[in-house]
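*Asks:* Structure incoming, see below.
The values are calculated or read from the model by the stated rules, or taken from the named source; none is laboratory data. Small disclaimer: the values here were computed from a predicted structure and weren't measured. Cβ placement follows ideal geometry from the backbone for every residue including glycine, while neighbour counts extend to all protein chains displayed. When the accessible area is computed, the model is the full protein with side chains, heavy atoms only, and any ligands, DNA or RNA have been set aside. Shrake-Rupley method; radii C 1.70, N 1.55, O 1.52, S 1.80 Å.
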Amino acid sequence: MPYMHMEPEEKHVIPSSQMVLKSLHGSKDDEKTSLCKRKGKRRAKGSTMKGLKQEELDPNLEFPSSSSCKSLTFPRRPDFGSLGTKCLVKANHFLAKIPESDISHYNVKITPEVTSRKLKKNILTELVKHYRSTELGMRLPVYDGGSNLYTAGLLPFTSKEFTVILADEEEGAATPREREFKVQIKFVTLASMHQLRELFAGKQVKNPREALTIIDIVLRELHAQRYISVGRFFYTPCIKKPQHVGGGLQVWRGFYQSIRPTQMGLSLNIDMSSTAFIEAIPVIDFVAQILNKDVYSRPLSDADRIKIKKVLRGVKVEVTHRGNVRRKYRISGLTTQPTRELIFPLDEQMNMKSVVEYFQEVYGYTIQYTHLPCLQVGNQKKVNYLPMEACKILKGQRYTKGLNEKQIASLLKVSCQRPSDQEMDILQTVHQNAYEEDPYAKEFGISIDTKLTSVEARVLPSPWLKFHDTGKEREHLPQVGQWNMMNKVGHFLMSVCYCVYHRRIFYFLPPLQKVINGSVVRYWACINFSRNVQESIACGFCQQLVQMCQVSGMEFNSDPAIPIYSARPDQVKKALKYVCNAVYTKHEGMELELLIAILPDNNGSLYGDLKRICETELGLISQCCLTKHVFKKSRQYLANVSLKINVKMGGRNTVLLDALRSRIPLVSDIPTIIFGADVTHPESGENSLPSIAAVVASQDWPEVTKYAGLVCAQPHREELIQDLFKTWKDPHRGTVAGGMIRELLLSFKKATGQKPLRIIFYRDGVSEGQFYQVLLHELDAIRKACASLEPSYQPPVTFIIVQKRHHTRLFTSNHSDRSSTDKSGNILPGTVVDSKICHPTEFDFYLCSHAGIQGTSRPAHYHVLWDENNFSADDIQSLTNNLCYTYARCTRSVSVVPPAYYAHLAAYRARFYVEPDAQENAKRCCTRTTNGSSVRPLPALKERVKNVMFYC
């Protein structure tokens, strides 16, 4: 039996993966096989595309490699949006004028071979310094640090070899030694600016990556010499005085710079940035600050030493025990023994000498803190020992390890700026950079405007929200991106809750609105893991939380299934199993439905362990509450927690009124499923941990508010989602199809009784350089998943990239006009921009869907890479904005469309499923992916969990 029986008049068929291949490699009928958006009117519900062959849906079909995707073009912008109230905003984009003539491209080869990018640049800088006025014909070239050199005109030669003598400061050398390099510069081609001009004229051309890269290199050259560069960021302690954030770190201010093609022409995007640098202090003082303890008189524990070793590895230091001789080294490790116990071979005869004696005899330096370990510097073949007290950290080293919560809070406090202040800092940075005086920009004929770009924007209307009919307000129109379900304090009517334990009455104001679909909780229990919370306090908190759930519209049993159970944090698994069994026994086979867990404020791995056990072993929904909130008992906190509990238990908090009235274009007309997908990667330095992919999908139509979620592990730093669709051989069933897309399509059919006839796919976390690969791989997986259910089942797909990690900022045109901003001084929620600073031809837009709280709001950038549903600009912008009001965890519109937000939450949650011993066992118990990498699979979610919004 096929999964879905589709009547002939209901078929929705689109070009298969094989057609995609044809469009990439050539076809006799380009109109039928083009990857560009189909022309013509939007198809009606009963329309059919004929000519799809069975073999075109081969599930084993391979997609083309990334090299062949260069011929793929994304859909053109269908039109410009007109919905909403027009307004003017300013963007941190600065118009750039580029040269008319082409740029000369040369190849650079350095002998002997050099791997250090910094050394390569130093060699070329020295070459230009010595030969510019002679052999280079007064040309001022720019160099990318690899093999490419560019000039504004032709050099006097096509190929020439130069000799460069460079004073090379080798690690550990007392004085710089001179090294000789041979540099061959050979003409390659003329890099054309024609494609850029064609793009700005509105023609759809291949991505002019080379021209953009050259201009970017030109504008970076002077900054790279003046500042410390980190990718596209430049930092200096001169912009603003560095601020201490604890742990031997300080925050440096800097700026981001990137050249972008836009509708107004080439644009230079400038934004402010802050990041942590290691303070240039003695290593021993740095260690004391990291550990926040006295290390001058007490030895380090093993845990302290491991922590210090992790932080110090790779840090550059200079010695201070040799007067003016300041040798520089890079720390490679830390000794396991204290300095007083360290000995090393003095010569080939293996005559041993202690480190303490050596420093005294050779340098006349007495080591004071012999109880501390030594730094290990140099390579493994020749390890040198240096006392911590004799080393100082070199200035200007960015801290690349993870920050603790206190440091993150301090960093945010320093970098958080009101929009007006951020705008002023950006303008000041542009002024200080003085692009009009930049010799490289002058050489290449590039000029940069000094004014922010004024852009016409629109403020989209807020959608009406529907709540339960028994609430005071059945329908509500949010104001400035937020609403409040709680009643005003001055209201006379109150709900009453009697707590048996306290023999007290609690009063609750009834909410203005009730959740539209309240869930049912009959059997719940509470485990108290916090020693600071007495049983009476825990009972009182639970009773107030239960009452809040009840008055919000949930059917919630007032009494716990068993009395509150207290447990130690290190016995979480034992406590969970005890409570589940106790409920099962007491209530004659009824299972626990909800667990409320009270956790210490600093709970280490307790939260992650509890979630992993509940969701992958017990199939139990849990709600964790920190001790500080249990004592405070804030009504707003209780209200927010009740919202989370409702959706975790299968309820809905609110629904778009237009959804219930079938008024959402391209969603309400036929069953539509909305996906969200994201991949989270481990922190830098965690090279053995997998990346985690998550996909969520709406499970209700037409409401589109409930999202089921699935997660999977995949190879380290792999961005393409591997498990969207997969097949494997079963000894009894043969080839079996599966994967996250297929499973979520099946669950949609089970939940709604209908098959999705339209797919909208929001994909988060993809950089522009990965657009082609992600689209080809993941669209192919969607195709195969659909075809595996029914050969002719191919619903039209719209594939949208969601980006938050960009640097476009939008400011009100008049900061004094309070009617044009929210309380934080940011632009109003619903502000959308699809002109001037957007792509010259492709279908993208910026949407600030949320009200700012503090700092400068970052609009989300949406880029439509594939659209078979023929969305208009107004349709997709309005849909995306309206969905942002359906986020389940708060009563505010959010900054990113909820399916993408939920996918991020699910992926982050799944990090806790990687058990502590996963690294040790990674080589055992692993699966092999399509690219040959091995990764240990995550434990599977239980059925009771994966069909609800457990990640909220």
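*Asks:* Can you pull out every residue in segment 845-857 that is buried (at least 22 other Cβ atoms within 10 Å of the Cβ) and out of contact with any helix residue (DSSP H, G or I) (no Cβ under 9 Å at 6 or more places or on another chain)?
*Replies:* Correct list: 846, 848, 850, 851.
*Asks:* Would a scan of segment 822-844 turn up a residue that is in contact (Cβ under 8 Å) with a residue 24 or more places away in the chain, of a type in the set (D, E, K, R), crowded, with 23+ Cβ neighbours inside 10 Å and within 30 Å of residue 410 (Cα to Cα)?
*Replies:* no
*Asks:* Give the number of residues within segment 246-266 that are open to solvent by 10 Å² or more (accessible area, probe 1.4 Å) and among the aliphatic types (A, V, I, L, M).
*Replies:* Number of matching residues: 2.
*Asks:* Let me ask you something else. Take the residues of segment 516-535 that are part of a loop (DSSP other than H, G, I, E, B) and either basic (Lys, Arg) or open to solvent by less than 20 Å² (accessible area, probe 1.4 Å) (or both): which is farthest from residue 886 (Cα to Cα)?
*Replies:* For segment 516-535, the residue satisfying everything is 531.
*Asks:* I'd like the residue in segment 624-643 that is touching a residue at least 24 places away in the same chain (Cβ under 8 Å) and not in a helix (DSSP H, G or I) and, out of all such residues, is least open to solvent (accessible area, probe 1.4 Å).
*Replies:* Of everything passing the filter in segment 624-643, 625 is least open to solvent (accessible area, probe 1.4 Å).
*Asks:* Could I ask something else about it? Report the residue count in segment 363-411 for those that are closer than 22 Å to residue 253 by Cβ, of a type outside the set (Gly, Ala, Ser) and touching a residue at least 12 places away in the same chain (Cβ under 8 Å).
*Replies:* Result for segment 363-411: 13.
*Asks:* Give the residues of segment 161-181 that are at pLDDT 85 or above and open to solvent by 70 Å² or more (accessible area, probe 1.4 Å), sorted by residue number.
*Replies:* Passing the criteria: 161, 165, 178, 180.
*Asks:* Could you grab me the full set of residues in segment 754-806 that are assigned to a helix (DSSP H, G or I), buried (at least 19 other Cβ atoms within 10 Å of the Cβ) and touching an Asp or Glu at 6+ places or on another chain (Cβ under 8 Å)?
*Replies:* Matches in segment 754-806: 774 only.
*Asks:* Then there's this: Anything in segment 271-310 that is open to solvent by 40 Å² or more (accessible area, probe 1.4 Å) and assigned to a loop (DSSP other than H, G, I, E, B)? List them, or say none.
*Replies:* 292, 293, 294, 296, 297, 298, 299, 301, listed by residue number.
*Asks:* Could you figure out which of (1) among the small types (Gly, Ala, Ser); (2) within 19 Å of residue 318 (Cβ to Cβ); (3) free of Cβ contacts under 8 Å to residues at least 60 places away in the same chain isn't true of residue 254?
*Replies:* Answer for residue 254: the failing condition is (2).
*Asks:* Still on this model: Which residue, of 315, 355, is within 24 Å of residue 278 (Cα to Cα), in contact (Cβ under 8 Å) with a residue 12 or more places away in the chain and among the hydrophobic types (A, V, I, L, M, F, W, C)?
*Replies:* On the way: 355 fails: within 24 Å of residue 278 (Cα to Cα).
Going through 315, 355 in turn, just one is within 24 Å of residue 278 (Cα to Cα), in contact (Cβ under 8 Å) with a residue 12 or more places away in the chain and among the hydrophobic types (A, V, I, L, M, F, W, C): 315.
*Asks:* A further question on this structure: Considering only segment 807-838, state which residues are of a type in the set (Lys, Arg), part of a loop (DSSP other than H, G, I, E, B) and over 18 Å from residue 80 (Cβ atoms).
*Replies:* Taking segment 807-838 as the starting set, the residues that turn out to be of a type in the set (Lys, Arg) are 809, 818, 823, 836.
Narrowing further to those that are part of a loop (DSSP other than H, G, I, E, B): 809, 823, 836.
Selection gives 809, 823.
*Asks:* Moving on to the next point. Answer with yes or no whether residue 398 is under 30 Å from residue 331 (Cα atoms), open to solvent by 30 Å² or more (accessible area, probe 1.4 Å) and either out of contact with any helix residue (DSSP H, G or I) (no Cβ under 9 Å at 6 or more places or on another chain) or aliphatic (A, V, I, L, M) (or both).
*Replies:* yes
*Asks:* Which members of segment 890-911 meet the condition of being in contact with a helix residue (DSSP H, G or I) (Cβ under 7 Å, 6 or more places away or on another chain), of a type in the set (Val, Ile, Thr) and crowded, with 23+ Cβ neighbours inside 10 Å?
*Replies:* Selection gives 897 alone.
*Asks:* Can you give me the number of residues within segment 108-158 that are assigned to a loop (DSSP other than H, G, I, E, B) and aromatic (Phe, Trp, Tyr)?
*Replies:* Qualifying residue count for the region: 1.
*Asks:* Right, something else. Specify which of the listed residues (653, 646) is under 18 Å from residue 467 (Cα atoms) and open to solvent by 10 Å² or more (accessible area, probe 1.4 Å).
*Replies:* Unique residue meeting the criteria: 653.
*Asks:* Related question: Here are 318, 357: which of them is out of contact with any helix residue (DSSP H, G or I) (no Cβ under 8 Å at 6 or more places or on another chain) and either exposed (fewer than 15 other Cβ atoms within 10 Å of the Cβ) or not assigned by the TED database to the domain that holds residue 386 (or both)?
*Replies:* 357
*Asks:* Applying the selection to segment 586-623, what residues are free of Cβ contacts under 8 Å to residues at least 60 places away in the same chain, in a helix (DSSP H, G or I) and open to solvent by 10 Å² or more (accessible area, probe 1.4 Å)?
*Replies:* 586 - this is the single residue of segment 586-623 that is free of Cβ contacts under 8 Å to residues at least 60 places away in the same chain, in a helix (DSSP H, G or I) and open to solvent by 10 Å² or more (accessible area, probe 1.4 Å).
*Asks:* From the list 221, 198, 210, which one is open to solvent by 10 Å² or more (accessible area, probe 1.4 Å) and either at pLDDT 95 or above or under 26 Å from the mean Cα position of the chain (by Cα) (or both)?
*Replies:* Values: 198 fails: either at pLDDT 95 or above or under 26 Å from the mean Cα position of the chain (by Cα) (or both); 210 fails: either at pLDDT 95 or above or under 26 Å from the mean Cα position of the chain (by Cα) (or both).
That would be 221, the only listed residue that is open to solvent by 10 Å² or more (accessible area, probe 1.4 Å) and either at pLDDT 95 or above or under 26 Å from the mean Cα position of the chain (by Cα) (or both).
*Asks:* Residue 391 is checked against (1) closer than 30 Å to residue 837 by Cβ; (2) open to solvent by less than 40 Å² (accessible area, probe 1.4 Å); (3) touching a strand residue (DSSP E or B) at 6+ places or on another chain (Cβ under 9 Å) and fails just one. What number does that condition carry?
*Replies:* Only one criterion in (1) closer than 30 Å to residue 837 by Cβ; (2) open to solvent by less than 40 Å² (accessible area, probe 1.4 Å); (3) touching a strand residue (DSSP E or B) at 6+ places or on another chain (Cβ under 9 Å) is unmet by residue 391, namely (1).
*Asks:* How many residues, within segment 417-431, are exposed (fewer than 14 other Cβ atoms within 10 Å of the Cβ) and touching a residue at least 12 places away in the same chain (Cβ under 8 Å)?
*Replies:* Number satisfying all stated conditions: 1.
*Asks:* Having 2 or more residues that are modelled with pLDDT of 95 or more is the bar; report the helices (runs of 4 or more DSSP H) wholly within segment 400-515 that clear it.
*Replies:* Values: elements: 405-415, 419-433, 439-443.
Ranges flagged: 419-433, 439-443.
*Asks:* Just the residues that are aliphatic (A, V, I, L, M) and either more than 25 Å from residue 298 (Cβ to Cβ) or not assigned by the TED database to the domain that holds residue 380 (or both), please, taken from segment 326-354.
*Replies:* 346, 350, 352, listed by residue number.
*Asks:* So which residues in segment 790-804 are in contact with a strand residue (DSSP E or B) (Cβ under 8 Å, 6 or more places away or on another chain) and farther than 16 Å from residue 900 by Cα?
*Replies:* 795, 796, 797
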